[in-house]
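The next block holds one structure in the form of structure tokens; read it before the comments.
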Amino acid sequence: MLRNTLDLLLPPLLLLVSGAVMAGPYKWIDKSGQVHYSQFPPGDTPATEINVAVSAPTRHAPPKPVAASKTNDDAQTGLEEADKEQLAKMAMIRKENCLTSKNNLMVLENNSHVREMVNGEYRVIPQDEREKRIQRLRKQIKELCQ
């Protein structure tokens, strides 16, 4: 029963982890003055890497309507609030990816014969590939779970 469950859960989890490593987030301003956030730096624009601390999710009040007569300071405050919300979302994604990586590592470390579905067929992950995945997951956990 446990083996069947692992056979069903492991392939999707491994797929999630394969794209889970996120180095950023990065913040940059484009030519039009628009602020952007991304997990990957842009190729043609200087970007600043932001250190995001993962914390428990918080409830945000709905945004207030923007008045047409806002001053520049008010507009800047609204932009900062949007920045904080974007960073909070990125922190949650990072936390989810951390947990997924830890779960996948646990499966690989505790089971010597792990199968995955490839092209509609199950295959046993060879020992050398399993060890490489374990090392990659440990590295991801260090990056994601700090």
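Read-outs throughout are calculated quantities, based only on the coordinates presented, and are distinct from any laboratory measurement. Keep in mind that this is a model prediction, so the values were computed, not measured. Methodologically, a virtual Cβ is constructed for each residue, glycine included, from the backbone with ideal geometry; neighbour enumeration extends over all protein chains shown.
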Original post:
Working out 0.36 nm times the residue gap between Gln146 and Asp83, then minus their Cα-Cα distance, what length gain in nm do you get to one decimal?
Top reply: 20.6 nm
**OP:** Take peptides 113-125, 94-106 and line them up by average Cβ neighbours within 10 Å, highest first, as a rough protection proxy.
**Re:** 94-106, 113-125
Subject >> Glu131-Glu109 pseudo-label distance in nm [points 7 Å out on the Cα-to-Cβ vector] >> reply: 1.7 nm
**OP:** May I ask you to sort Ile29, Ile93 by Cβ crowding, counting other Cβ atoms within 10 Å and putting the fewest first?
**Re:** Ile29, Ile93
Original post:
What is the spin-label model distance, in nm, from Val35 to Val118 if the labels are put 7 Å beyond Cα along the C-beta direction?
Top reply: 4.5 nm
